[in-house]
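Each value in this text was obtained by applying a stated rule to the coordinates, not by laboratory testing. Predicted model only: the values in this text are computed from it and were never measured. When we count neighbours, we look across all protein chains shown, and the Cβ atoms used for this are built from the backbone with ideal geometry, even at glycine.
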Amino acid sequence: MKKTLTLTLIIIMLLLSCSSPLKKKFNEQTAKEDIEELKTKIDSSQMELLAITMMRLKLQDEAIEEMTYSEILEKGKVWKEEQEKIEAEQRVLAAKALKLENERIKRLSESVLVSCFSKGFTKYDYEDYITYKFIIHNKSDKNIRAIKGSVTFTNLFDETIKSLNLVYDQSIGAGLEVTYNAQTDYNQFTDSDKALRNKDLKDMKVIWKPEKIIFDDGTTLE
């Protein structure tokens, strides 16, 4: 009696295993019904991975009709692991690049610093301009011949309003400060121009990003 019961349980388990929707081969005619059944057997994340993998295999002209849903899902898991590995490597690479870039900016900023202390608006010869007054401080112990970089105006939430390229090619003595008056064309139909014109300087942040410094002795820093 005990042996018969054990054998019956084994047969039931085998039948249940064989009837699992994951064991079915993909068939476009029954796919809709199969998917509905699969939703009751696997969680939503697995279901999403299965759907994505099916689409990806179709686009790659794989013979998906020869695969069971279990085999498709397994291919998806392998692909997902490969993608996660690539993404992890990309994050490490990006973090390394960002660190180097921040170190470069810090190094250049230790030699020259630019700040905007006044912003205005003017009309000249029927043209409109936004005006700026910058102060440039040569913090190094060498005379500067020229500097190149960018100035970005952001709101108080660090959202960019407008970025300007800045080139100053007049001599700045070691340790000295100079004032630089500049202007840019104003376009009333450009949102960034309108936002920059209408916002007070005290309600913005000014971010200096140096790109290259040329010293009088011919050496450069970039």
Practice item. Wrap a convex hull around the Cα atoms of segment 111-221, take a quarter of its surface area, and give that in square nanometres. Key: 7.3 nm²
Review point. Between Ser140 and Ser20, what length comes free when the chain is fully extended (0.36 nm per residue of separation minus the Cα-Cα distance, one decimal in nm)?
Key: 35.8 nm
Review point. Using a basic spin-label model with each label point 7 Å from the Cα along Cα→Cβ, how many nm lie between Ser163 and Gln183?
Key: 2.6 nm
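Just to confirm the filter: which GluC sites (Glu not before Pro) across segment 90-179 are DSSP coil and have at most 11 other Cβ within 10 angstrom of their Cβ?
Values: sites: Glu101, Glu103, Glu110, Glu127, Glu159, Glu177; in loops: Glu110, Glu159.
Hits after loop and neighbour filter: Glu159.
Would you please name the chymotrypsin sites (Phe, Trp or Tyr not before Pro) within segment 84-160 that are DSSP coil residues with at most 12 other C-beta atoms within 10 Å of their C-beta?
Tyr126, Phe157
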Exercise for review: Arrange the following residues from fewest to most other Cβ atoms within 10 Å of their Cβ: Glu71, Glu89.
Suggested key: Glu89, Glu71
Review point. Looking at the chain, do any whole DSSP H helices span at least 20 angstrom along their long axis by alpha carbon and average -1.0 or above on Kyte-Doolittle, and which?
Key: 2-18, 44-59, 69-109
Check your understanding: Taking N as the number of residues in the chain, what is its alpha-carbon radius of gyration divided by 2.2 N^0.38 Å?
Key -> 1.89
Exercise for review: Work out the FRET efficiency for Asp61 and Lys99 from their Cβ-Cβ distance, taking R0 = 35 Å, and round it to the nearest 0.05.
Suggested key: 0.25
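Note the full-extension length gain between Gln46 and Val92 as 0.36 nm times their separation in residues minus their Cα-Cα distance, in nm to one decimal. List each step's numbers first, then the result.
Working: separation 46, 0.36 × 46 = 16.56 nm, distance 2.74 nm.
Taking Gln46 through Val92 to full extension adds about 13.8 nm, to one decimal.
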